[in-house]
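See structure below.
The values are calculated or read from the model by the stated rules, or taken from the named source; none is laboratory data. Because the structure is a prediction, the values reported are computed rather than measured. Methodologically, a virtual Cβ is constructed for each residue, glycine included, from the backbone with ideal geometry; neighbour enumeration extends over all protein chains shown.
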Amino acid sequence: MDNLPLKLIDQFGRQVDYIRLSITDRCDFRCVYCMAEDMTFLPRDEVLSLEECARLIKVFVRLGVTKVRITGGEPLVRKNALWLFKEIGNLTGLNELVLTTNGSQLNTQAQALKNAGVKRINISIDSLKPEKFKQITRTGRLEKVLDGLQASIHAGFEGIKMNTVLMRGHNDDETTDLVQFAIDNKIDISFIEEMPLGEVDHTRESTFVSNADTLKLLQSKYLLAPSTHNSGGPARYWQVSGTQTKIGFISPHSHNFCESCNRVRITCKGELYLCLGQEDKVDLMPLLRENPNDDGPLIQAILDSMRIKPKGHDFDLRRAEPAVVRFMSHTGG
């Protein structure tokens with residue numbers, strides 16, 4: 001394994017240079033599109049240790065991965081999570097260490113994360129109205145999240161982005177307010193179409209808001225120009241003229257982005273999912289634990305996994321059952 005390939009190439013010729021690693025399935029929120037109200041979480045011994053997380057990331061970077069996103073659940077509720085960011089923050093070959101968070105812990109951790117080497121932060125904010133925010137998250141406090149956002153701005157993060165899932169009848173009346181908030185705070189915002197992952201207490205079709213409709217609405221309010229900006233993920237961006245704000249659209253339904261897929265996901269159990277919307281996976285945890293001093297079997301399994309990475313997902317909102325049974329919080333946000 002000394003002469004490792006510099007790139008992971010799947011059977012369709014796509015290069016995988018981006019991994020999303022969940023370090024916990026636990027979260028202090030229970031967002032209605034992501035989790036059930038009563039969740040059963042994994043026992044501790046079925047979750048990757050932070051040392052195993054670091055080892056995985058180092059192996060993927062050796063295989064040509066240049067971007068790593070740490071997710072959950074809510075990654076910052078993981079005890080000693082900051083150790084992991086410090087351990088991998090300055091890896092040679094890793095160009096971007098990114099965090100997706102609900103923002104609840106940023107008020108106390110933003111500066112330490114910046115010091116550890118985190119380049120960009122994505123913060124999930126689905127409403128600017130405290131009561132509605134509480135309804136969507138079930139347990140979240142908007143004020144705490146906004147304090148975390150301001151702490152991140154103060155820490156000097158340049159790539160702060162809001163992530164918003166619009167849901168018809170819940171928060172779709174706040175579209176322009178959310179964009180204006182992003183403009184006022186000189187940050188970016190991405191709208192993510194709701195994905196049919198896991199059993200929730202509403203039908204996905206009834207709450208679905210198309211990004212095509214959202215874009216049309218925003219074009220009637222703002223002067224938008226197509227942007228060539230590429231964050232390394234699936235979002236397509238538009239620049240709001242006269243501002244520092246870009247609006248991204250992640251559209252697994254209205255614009256299938258699979259032809260350019262460059263990423264894989266690793267759950268907190270060490271399951272390597274080759275596609276968010278398919279069940280193809282490779283269990284890496286046994287390889288980590290059975291070969292504590294030899295990365296060879298782990299590397300071979302990752303290389304072999306490129307042969308089973310599917311061409312794409314196949315979401316259909318008209319189906320009564322979810323496209324994938326596992327919750328988004330299991331796979332990693």
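Where helices (runs of 4 or more DSSP H) fall wholly inside region 174-266, the ranges with 1 or more residues that are charged (D, E, K, R), modelled with pLDDT of 95 or more and surrounded by fewer than 19 Cβ atoms within 10 Å (Cβ to Cβ) are 175-184, 211-219.
Residues checked against (1) within 23 Å of LEU76 (Cβ to Cβ); (2) in contact with a strand residue (DSSP E or B) (Cβ under 7 Å, 6 or more places away or on another chain); (3) basic (Lys, Arg):
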residue: PHE133; (1), (2), (3): yes, no, no
residue: LEU146; (1), (2), (3): yes, no, no
residue: VAL165; (1), (2), (3): yes, yes, no
residue: HIS170; (1), (2), (3): no, no, no
residue: LEU178; (1), (2), (3): yes, yes, no
residue: ASN185; (1), (2), (3): yes, no, no
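Any idea how many residues of region 153-162 are closer than 10 Å to ILE123 by Cα and either of a type in the set (A, V, I, L, M, F, W, C) or assigned to a helix (DSSP H, G or I) (or both)? Going through region 153-162 one residue at a time, the tally reaches 2.
Among the residues of region 267-282, which ones are under 20 Å from ARG62 (Cβ atoms) and not in a loop (DSSP other than H, G, I, E, B)?
LEU272, VAL282
Residues in region 166-189 that are within 22 Å of the chain's Cα centre (by Cα), under 11 Å from THR245 (Cβ atoms) and of a type in the set (S, T, N, Q): 1 in all.
Of the residues in region 114-137, at least one is free of Cβ contacts under 8 Å to residues at least 24 places away in the same chain, buried (at least 17 other Cβ atoms within 10 Å of the Cβ), closer than 21 Å to ILE187 by Cα and in contact with a Gly (Cβ under 7 Å, 6 or more places away or on another chain). Quick check on SER49: is it within 18 Å of the chain's Cα centre (by Cα) and either on the phi > 0 side of the Ramachandran plot or not hydrophobic (A, V, I, L, M, F, W, C) (or both)? No.
Taking the criterion of being surrounded by fewer than 19 Cβ atoms within 10 Å (Cβ to Cβ) and among the polar types (S, T, N, Q), the residues of region 267-316 that qualify are GLN278, ASN291, ASN293, GLN300. THR228 meets the conditions (1) in contact with a Leu (Cβ under 7 Å, 6 or more places away or on another chain); (2) within 30 Å of GLY117 (Cα to Cα) in every case but one. The failed one is (1).
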